[in-house]
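Asks: The structure follows.
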Amino acid sequence: MKLSLNPYQKLNMLEFVSLMALLMSMAALAIDAMLPALPIIGEELGVVDPNHNQFIITSLFIGMSLGMTFYGPLSDTFGRRKVIGFGITLFTVGNIVAISTHNFEIMLLGRFFQGLGAASTRIVSMAMIRDMYVGNTMARVMSLINMVFIIVPTIAPTLGAIILSFSHWRGIFIIFIVLSLFGLTWLLLRQPETLSYEHRKPFRISYFKTAIAKVFSHPQSLGYAIASGLVFGAFLGYLISSQQIFSVVFGLEKEFPYIFGGLALTIGVASFINSRLVERVGMAKLTKWGTLGILFSSIWYFLLLVLSDFKPDIISFMIFLIPCFMCVGVLFGNLNSLAMEPMGDMAGVAASIISTINNIISIGFGSLIGSQFRGTITPLVLGFLVLSTLTLITILWVQRTAPHIEE
């Protein structure tokens, strides 16, 4: 398969996938590398309630959600590379704020700007991929990118722990700056613009309204955007409470970075498997199977918790999480690709709208799950159970409304 589907793409597949994965991983790095440092930062900045340390994560997601609403339209007007450059500049400013502050609220402001900037690398990279690919081929490329991308959450907590072992937690933000500027330099030197001048659209509110109307009136785009938000909501609930779960519930604070990385690796393995299956099986079937996998895993584990008087052991918890994360690895790329597929003529702004829908839903549910942590894993398990049920209902509705998707 040739990578170059238009004259603006010159990189070979390996380099293109690696570059897109690096850019799209900026937000994941800014989240996962911070996890081992959350209690240390909270203690140093005077946080009283340990659950409030989760705001260091959620504030970044809020910034990302806001950024995703306008980076797509801007990239449709000014081109992909310039907008990513602007976003990385904001990301760098946010890191400088976080490095220099001794106030928790200012820290959250810096994290907000990090998310605001990192949104550009996520949303515009998706538009660049959509510039090049459609259908199951796009899903295969997304799976390959996700496979590389997943290396970041696999190693990021360990990276954070290593930095903490010989340096201050502020050193983590310095690493963020170095890697983001490296990614920007790579982009500017090696990747040509993927959106030609003749395909750019003036930034008009009317165009944005038209795109919103198109997304909300298209069952495939709206339905799969909602489904993606529901799935990621459950995963985000795990993400923001994982450090507390493994440290408080299971007493594995020192082992946490390695456990977190190992679980993240299962998502990468699933993304690789998905890349081999998606063109033969199809995205729609794989999303249904993946959702059913999470649902069945959540049902049996919740029943086990009830029978064990809600006293879990680490082995059974890992047996619950591993298949859930494997299914999440299948769902991430496919749900986004299915949502984006009908939006080829306005990929940039559509990516913004779809990602905003995704983030509003996921941040709402993920924050709710995380805030309910009271020294047990019950809120997390119930979160996976309820949200996978809602995801399945949404997917079935979409496939009934647009039966051609199953073809």
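Asks: Fewest to most neighbouring Cβ within 10 Å: what's the order for R130, R170, R140, R111?
Replies: The order, fewest Cβ neighbours first, is R170, R140, R130, R111.
Asks: Over the chain, what number does the Rg to Rh ratio reach, with both radii from the alpha-carbon atoms and Rh per Kirkwood?
Replies: My calculation puts Rg/Rh at 0.95.
Asks: Turning to a different aspect of this structure: Would you mind checking K201/K288; K82/K214; K82/K209; K82/K254 for any pair whose Cα atoms are more than 30 angstrom apart?
Replies: Check vs 30 Å cut-off fails for K201/K288; K82/K254.
Asks: Right, next: In nm, give the distance between the simple-model label positions of Y197 and I96, each being 7 Å from the Cα along the Cα-to-Cβ direction.
Replies: 3.3 nm
Asks: According to a simple spin-label model (label point 7 Å from Cα along Cα-to-Cβ), what is the distance in nm between E253 and I393?
Replies: In this crude label model, I393 to E253 measures out at 4.1 nm.
Asks: Let me ask another. Using a 7 Å offset from the Cα along the Cα-to-Cβ direction at both S165 and I205, what is the distance between the two label points in nm, to one decimal?
Replies: Distance between label points: 5.5 nm.
Asks: Of the listed peptides 296-309, 114-127, what is their order by residue-averaged count of other C-beta atoms within 10 Å, with the highest listed first?
Replies: Per-residue mean Cβ counts within 10 Å order the peptides as 114-127, 296-309.
Asks: Can you pull out the trypsin sites (Lys or Arg not before Pro) in the range 192-222 that DSSP calls coil and that have at most 15 other Cβ atoms within 10 Å?
Replies: R200, R204
Asks: By how many nm would the segment from S217 to I106 grow when fully extended, if each residue of separation counts as 0.36 nm and the alpha-carbon distance is taken off?
Replies: Between S217 and I106, full extension yields an extra 36.0 nm.
Each reported figure results from applying straightforward, stated rules to the coordinates on display, with no laboratory input. None of these values were measured; they are calculated from a predicted model. Here the Cβ is made from the backbone with ideal geometry for all residues, glycine too, and neighbour counts use every protein chain on show.
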